[in-house]
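J.: I have a structure here, written as structure tokens, and I will follow up with some questions on it.
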Amino acid sequence: MSFDTLLKGGVLPDGTTADIAIRDGRIAAISPAIEAEAGEIIDITGDLVSPPFVDPHFHMDATLSYGLPRINASGTLLEGIGLWGELKPLLTHEAVKERALAYCDWAASMGLLAIRTHVDVCDDRLLAVEALLEVKKEIAHYIDLQLVAFPQDGLYRSSTARENTIRALDLGVDVVGGIPHFERTMADGRASVTELCEIAAERGLMVDMHCDETDDPLSRHVEQLAYETQRLGLQGRVAGSHLTSMHSMDNYYVSKLLPLIAEAEVAAIPNPLINITLQGRHDTYPKRRGMTRVPEMLKHGIRVGFGQDCVLDPWYSLGTADMLDVAFMGLHVAQMTSPEDMRRCYEMVTTESAAIMGLEDYGLEAGKRADLVVLDAGNPIEAIRLRATRLMVMARGKVIARRERSPMRLDIPGRKADIDRRFRIADPS
């Protein structure tokens, strides 16, 4: 028996050691020891081999536009939205596409091979929609890209947003989005949730709605989202993104809300880097943490995936396409520091986010597509702690990125010094 590629001695996320055989772009076998011929045999002994990273919430139409036409001086969500409104008329098809492709190459080098991006449909040209549909086709051989029709300025607040949302879906956009808390009234917000979910149900599409991205404890559109999900039979196809108002809500109300979300099988997508940056800007002290109630959601059986949201754009001046940065921040903000919780944070940037996106051909299993990443770490907790170097990234059975291990050398007078950044320890599980 012969394979195209054979990876030897990798450590799977569950701690087991395995060889992985690749043939025709798929995982042909996973076993503790595979002795066979292969076009290339790669020794990854002791290194973590993982399914690729997944970002379930991003804004690729805005990425890498930081400083255009100016910088967000207040650092608030609303100024970012206003700044994006200033930038939209200046966008060109070529510039949006160029920045998106540059970001996708960056993402691929970090082992990020699946991204769900919201694309603003409130520009009547649908320029960004058309540009990102082209990007989706061009990167299909190494990244799964889902597009969300996102009426950034409000489905009702923007006079052409509803029409443009339908036009975008007709062009081939995958998911129905919304932003109910940005409508003029709470009533309009609730109505927008209803209408957008009805559009998704009619077309057989998924829903991913910016929901209650505010410090206002009375912004409660996720309740409507859970209701519509059940009414329309959309269970398992709906996600509420951000949900930051929940960090300010009354505890009694949340005790009712979380079971409703769980019952409706609505997933949650907090975005730790952005939520901790944008929220609480009007507070003095104590400042609110700004991220939704992740541990409580997990206890109720709600599926949670961490998103990156922004990189170098009107809302966020940093970012490297590294989902381990996202998991690292999420772990700290949610105070999820037990070994079990830290492993859950790793899953929230891999398998859990893949499930939210409905990626059926994802995972380290025989027969699945051969998409994976090898990290300079011994287990998922160590990978988060170190934001571990990606030693190799494989997409569709082809190695698309490699990096040599390059340990630091110390010259300490009087004694021999050697440093291994990993300081590998046994998995605490």
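J.: Against the condition in a loop (DSSP other than H, G, I, E, B), in the same structural domain as Cys211 (by TED's automatic domain parsing) and surrounded by fewer than 24 Cβ atoms within 10 Å (Cβ to Cβ), how does Gly307 come out, does it pass?
T.: So Gly307 does not fit the description; no.
J.: Continuing with the same structure: Sort out which residues of region 208-219 are under 14 Å from Thr292 (Cβ atoms) and more than 23 Å from the chain's Cα centre (by Cα), and write them in order of number.
T.: Asp216, Pro217, Ser219 - these are the residues of region 208-219 that are under 14 Å from Thr292 (Cβ atoms) and more than 23 Å from the chain's Cα centre (by Cα).
J.: Something else: Among all residue pairs at least 6 apart or on different chains, which show Cβ distances below 7 Å where the first residue, located in region 254-273, is within 15 Å of Met291 (Cβ to Cβ) and the second is outside any helix (DSSP H, G or I) and of a type in the set (Asp, Glu)?
T.: Asn271/Asp309; Leu273/Asp309
J.: Right, something else. Quick one: in region 138-157, which of the residues that are within 13 Å of Arg116 (Cα to Cα) and among the β-branched types (Val, Ile, Thr) is surrounded by the most Cβ atoms within 10 Å (Cβ to Cβ)?
T.: Per the criteria, the residue is Val148.
J.: In this structure, does Asp371 turn out to be crowded, with 22+ Cβ neighbours inside 10 Å and over 16 Å from the mean Cα position of the chain (by Cα)?
T.: yes
J.: I would also like to ask the following. Of all residues in region 324-349, which are surrounded by fewer than 24 Cβ atoms within 10 Å (Cβ to Cβ), touching a Pro at 6+ places or on another chain (Cβ under 6 Å) and under 30 Å from Gly67 (Cα atoms)?
T.: Once the filter is applied, which keeps residues that are surrounded by fewer than 24 Cβ atoms within 10 Å (Cβ to Cβ), touching a Pro at 6+ places or on another chain (Cβ under 6 Å) and under 30 Å from Gly67 (Cα atoms), region 324-349 yields Met329, Val333.
J.: Of everything in region 68-107, what is in a loop (DSSP other than H, G, I, E, B) and of a type in the set (A, V, I, L, M, F, W, C)? Give them in sequence order.
T.: Leu68, Ile71, Ala73, Leu91 - these are the residues of region 68-107 that are in a loop (DSSP other than H, G, I, E, B) and of a type in the set (A, V, I, L, M, F, W, C).
J.: Collect the residues in region 328-351 that are of a type outside the set (Phe, Trp, Tyr), more than 19 Å from Gly15 (Cα to Cα) and part of a helix (DSSP H, G or I), keeping them in residue-number order.
T.: Met329, Gly330, Leu331, His332, Val333
J.: Aliphatic (A, V, I, L, M) and in contact with a Pro (Cβ under 8 Å, 6 or more places away or on another chain): does that describe Met297?
T.: no
J.: Something else: With part of a strand (DSSP E or B) and either of a type in the set (A, V, I, L, M) or on the phi < 0 side of the Ramachandran plot (or both) as the only criterion, which of His118, His141 stands out?
T.: After applying the criteria, what remains is His118.
J.: Filter region 59-115 down to residues that are among the polar types (S, T, N, Q) and in contact with a helix residue (DSSP H, G or I) (Cβ under 7 Å, 6 or more places away or on another chain) and give me whichever is surrounded by the most Cβ atoms within 10 Å (Cβ to Cβ).
T.: Thr63
J.: Run down Val393, Val399 and say which single residue is in contact (Cβ under 8 Å) with a residue 24 or more places away in the chain, surrounded by fewer than 22 Cβ atoms within 10 Å (Cβ to Cβ) and part of a strand (DSSP E or B).
T.: Every option except Val399 fails the conditions.
J.: What residue, of Ala354, Ala321, is part of a helix (DSSP H, G or I) and crowded, with 19+ Cβ neighbours inside 10 Å?
T.: None of the other options fit; the residue is Ala354.
J.: Also, I was wondering about something else. Out of all the residues in region 288-301, which are crowded, with 21+ Cβ neighbours inside 10 Å and touching an Asp or Glu at 6+ places or on another chain (Cβ under 9 Å)?
T.: Once the filter is applied, which keeps residues that are crowded, with 21+ Cβ neighbours inside 10 Å and touching an Asp or Glu at 6+ places or on another chain (Cβ under 9 Å), region 288-301 yields Gly290, Thr292.
The values are calculated or read from the model by the stated rules, or taken from the named source; none is laboratory data. Quick caveat: nothing in here was measured; it's all calculated off a predicted structure. Reconstructed Cβ throughout: ideal geometry from the backbone, glycine too, with neighbour counts over all protein chains shown.
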